1. Determine which single condition residue A:72 fails, assuming it passes every other condition in (1) within 30 Å of residue B:160 (Cα to Cα); (2) touching a residue at least 40 places away in the same chain (Cβ under 8 Å).
2. List the pairs whose first member sits in region B:359-384 and is closer than 24 Å to residue B:328 by Cα, whose second member is of a type in the set (Ser, Thr, Tyr), and whose Cβ atoms are under 6 Å apart, counting only residues at least 6 apart or on separate chains?
3. Which of the residues that make up region B:152-171 are within 17 Å of residue B:92 (Cβ to Cβ) and part of a loop (DSSP other than H, G, I, E, B)?
4. Somewhere in region B:53-74, is a residue crowded, with 24+ Cβ neighbours inside 10 Å, touching a His at 6+ places or on another chain (Cβ under 6 Å) and in a helix (DSSP H, G or I)?
5. Do any residues in region B:226-240 that are more than 12 Å from residue B:79 (Cβ to Cβ) have Cβ atoms under 6 Å from those of residues that are surrounded by fewer than 18 Cβ atoms within 10 Å (Cβ to Cβ) and of a type in the set (A, V, I, L, M), where the two are at least six apart or on different chains, and which pairs are they?
6. In region A:265-296, what count of residues is obtained for those that are within 14 Å of chain B (Cβ to nearest Cβ), surrounded by 21 or more Cβ atoms within 10 Å (Cβ to Cβ) and not in a helix (DSSP H, G or I)?
7. What's the total number of residues in region A:297-322 that are under 19 Å from residue A:61 (Cα atoms) and either assigned to a helix (DSSP H, G or I) or hydroxyl-bearing (Ser, Thr, Tyr) (or both)?
8. Has region A:171-192 got any residue that is touching a residue at least 60 places away in the same chain (Cβ under 8 Å), touching a Ser or Thr at 6+ places or on another chain (Cβ under 9 Å), farther than 30 Å from residue A:288 by Cβ and part of a helix (DSSP H, G or I)?
Amino acid sequence: MSSLKRIGFALLAPVIAVLIAVLATSIVIAASGSDSSATDFWSVILSKPDNRLLVNIVNQTTMIYLAAVAAAIGFRMGLFNIGVEGQYMLASYTAATFAGAALLPGAVNILAALVIAMAVGAIWAGIAGILRTTRGVSEVISTIMLNSIAAILVGYLLDQHGEHGGNQVRTKELPESSQLSGWLPFEKPDGPIWTLGLLAVVVGIGFWVLLNKTRFGFDLRATGASQTAAVASGIKVNRMVLVSMLLSGAVAGLIWMPAYFGSAHSYGTTFQAGLGFTGIAVALLGRNQPVGMVFGAVLFAFLSTQSNTLTFQTDISPSIVQITQGVAVLAVVIAYELVRRYRIRLEQRSVAKARTAPAQEVAA
Amino acid sequence: MSTTETQLDKCAPSPRAKRVAGMYRSYWLVLLLAVVGLSLVRIATGADDISAANTLRAAILSACPILLAGMGGLWSERAGVVNIGLEGQMLLGTWGAAYFTYHYGPWVGLLGAAAFGAIGGLMHAIATITFGVDHIVSGVAINIIGLGATVFLAEAFFSDLQYGGPRQLTGLDGLPFVTVPGVSDALNNLNDRGWFVISDVAGLLAALTTRISVMTILILVIVILTSWLLWHTPFGLRLRSCGESPAAAESLGVNVYRYKYIAVLVSGSLAGLGGAFLALVAASGFTTNQTGGRGYIGLAAMIFGNWNPFGTLGASLLFGYTDALRLRTPSAVHALLLLVAVGLLAYAAWRFYRGARVAALVLGLLGVGFLLWFLLTDTVPREFTGMTPYVVTLLVLALASQRLRPPAADGQVYRKGSAG
């Protein structure tokens with residue numbers, strides 16, 4: 001197959017999915033009978049974001065991308081780490097508590113907090129990994145349970161050890177020497193692009209190298225493609241499950257760190273929950289590919305940031321973009337499946353043609 | 001297999017039948033032990049709350065939505081489709097219940113909730129059955145859509161209503177409650193006496209006869225109907241065969257796609273009804289994100305109940321009970337630690353006797369841990385009680401997974417015609 005055709009096939013599914021998502025969203029808006037029409041909605045969403053929103057989109061993209069990589073590491077080998085949400089919640093809380101205590105000076109404090117975040121995320125994911133490898137427990141169920149346990153545990157710990165002020169609870173404020181604000185592309189009120197957003201770049205490149213240039217990455221993809229073939233060629237699947245669960249959890253631990261060191265400085269109402277599930281959706285949208293997920297992360301960050309302006313200009317609820325995002329994910333996986341089936345049929349046809357042609361020659 | 005063997009099989013009860021009979025006996029034994037244990041703990045610690053009729057009534061209220069979600073999971077998984085989207089379907093149900101109850105009354109509200117849940121089920125069915133998408137992936141997407149859709153629809157339709165708002169709708173007509181006259185008073189009276197075992201059983205019966213929602217009765221009917229339909233009719237056999245071996249089912253002329261569609265649609269409607277219970281019975285109205293993870297707990301209850309309707313019922317009651325206790329006196333929960341510790345130690349001894357050393361050791365350590373926890377503290381933080389369903393499910397999966405038997409083709413994508 002020519003490379004042009006291959007690229008066409010790769011782009012076909014996402015394009016169909018985005019079209020379906022746009023269509024579904026427009027229908028829902030029309031059916032809801034709101035005063036603003038679907039065209040109003042799209043003109044607001046597609047308008048050029050102002051500087052403050054642009055910064056916001058970049059910052060959100062980095063966190064969503066980290067979450068997507070965390071999910072994708074497992075997905076690549078057919079391992080469903082639904083627990084990214086719980087892993088980054090627990091990791092964020094622990095890291096924030098540690099960094100807030102200011103046991104170490106300045107930059108060392110940051111590094112130590114990052115290591116702790118990764119470790120906590122890895123441990124929480126590792127529980128599911130160990131349950132899967134030693135007891136055969138489905139990681140889907142165990143990570144869902146661990147999500148809920150993490151949420152309750154964090155709520156309890158925060159209530160017991162956090163600083164109460166008014167009706168809010170938060171961890172101790174990060175000392176100024178450890179704060180990492182970032183780069184100001186515009187005026188000061190527009191806000192900075194967080195320094196630790198670079199983590200997303202590092203992790204993205206690391207993920208690409210791991211997948212394509214290392215033995216582990218090869219084993220990971222092989223296990224995902226066919227577990228029986230992987231076992232037959234000597235890959236220790238149990239070890240792979242555990243290691244990829246730990247890696248997935250470690251990356252999950254980093255998700256909220258850019259925001260924490262960049263602007264939040266404490267874990268409390270500022271914590272942005274839900275990124276874990278967004279990450280799963282983006283990983284699916286980007287086909288678990290390091291580059292594909294960049295586009296997915298930008299799309300999701302763009303949609304959710306732009307939706308915040310909806311309330312000022314229309315009477316459409318911003319939560320509509322959640323429908324858009326959900327439909328896009330569902331549509332993209334369906335579209336990939338359809339394209340796959342279509343390609344198989346094409347292949348079968350070309351093989352059949354190649355086989356019948358010589359036979360006819362002989363007959364002639 | 002030779003003919004003589006088949007005849008032999010027919011004469012003697014199969015090992016499976018024996019095991020099933022044994023299982024039912026052990027269910028009753030466990031129930032009896034639980035009641036006696038509960039009673040002993042109540043008398044030893046003076047925490048009357050743990051078997052008071054009010055607590056048990058609250059437990060039943062908490063259990064109902066979990067049970068409906070669990071039944072939803074059961075229907076779909078028995079046909080081989082894993083439905084992680086229960087949470088999203090329940091959420092759609094809460095909105096459907098609120099909208100239709102507001103405009104047409106509670107009975108139509110139930111239908112609306114079931115219909116909205118079924119829409120979520122239909123999406124899941126189209127994606128997983130027709131297009132062969134991975135079941136988990138589709139479920140995750142449906143949960144995202146369900147959450148977004150309820151928030152969006154609530155803001156679009158409830159903002160301008162009386163008692164409404166962008167995030168809630170109260171003042172809905174409720175469903176009627178039933179009290180069995182005479183019996184209820186007598187049982188409540190008996191429950192207050194504090195007699196060993198008798199008062200505890202009376203508490204349970206009083207909870208079942210005092211101000212019980214018609215929807216609770218409906219749910220019990222659903223459980224019995226599910227059990228009958230799936231295990232005692234040709235329809236059920238075919239549906240379950242799609243979850244065990246779809247290729248074999250298809251080769252015998254079962255329309256696998258149709259049965260899977262039916263199962264997932266029923267699953268969605270049951271989840272939707274679970275949402276209706278939350279909006280109409282358990283609370284006084286609709287709020288956004290009302291389920292709070294109950295779809296997932298329902299899934300856990302189904303697994304804990306071994307993909308079996310009455311097992312799911314028992315698990316839901318257990319989870320509902322812990323939920324009810326969480327909202328009551330913390331000292332009651334503290335008292336229960338003793339029961340858990342004794343239960344775990346006894347179970348550990350039994351497993352050790354049966355030769356499962358490692359499991360026995362883990363269970364024993366857990367039991368000692370709970371005992372120490374009981375002896376060294378005075379109260380249990382409320383939050384920890386809320387963890388019970390999740391921790392119990394993890395423990396059951398980890399320690400007793402060989403006793404669980406999910407449908408053989410559960411979660412596998414099946415494509416029509418692949419039977420050959």
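Coordinate-derived values only; no laboratory data. As the structure is a computational prediction, the values presented were derived from the model and not from experiment. Methodologically, a virtual Cβ is constructed for each residue, glycine included, from the backbone with ideal geometry; neighbour enumeration extends over all protein chains shown.
1. Among (1) within 30 Å of residue B:160 (Cα to Cα); (2) touching a residue at least 40 places away in the same chain (Cβ under 8 Å), the lone unmet condition for residue A:72 is (1).
2. B:381/A:156; B:383/A:156
3. Once the filter is applied, which keeps residues that are within 17 Å of residue B:92 (Cβ to Cβ) and part of a loop (DSSP other than H, G, I, E, B), region B:152-171 yields only B:167.
4. no
5. If the second residue must be surrounded by fewer than 18 Cβ atoms within 10 Å (Cβ to Cβ) and of a type in the set (A, V, I, L, M), no pairs are left.
6. Within region A:265-296, residues that are within 14 Å of chain B (Cβ to nearest Cβ), surrounded by 21 or more Cβ atoms within 10 Å (Cβ to Cβ) and not in a helix (DSSP H, G or I) number 2.
7. 15
8. No: region A:171-192 contains no residue that is touching a residue at least 60 places away in the same chain (Cβ under 8 Å), touching a Ser or Thr at 6+ places or on another chain (Cβ under 9 Å), farther than 30 Å from residue A:288 by Cβ and part of a helix (DSSP H, G or I).
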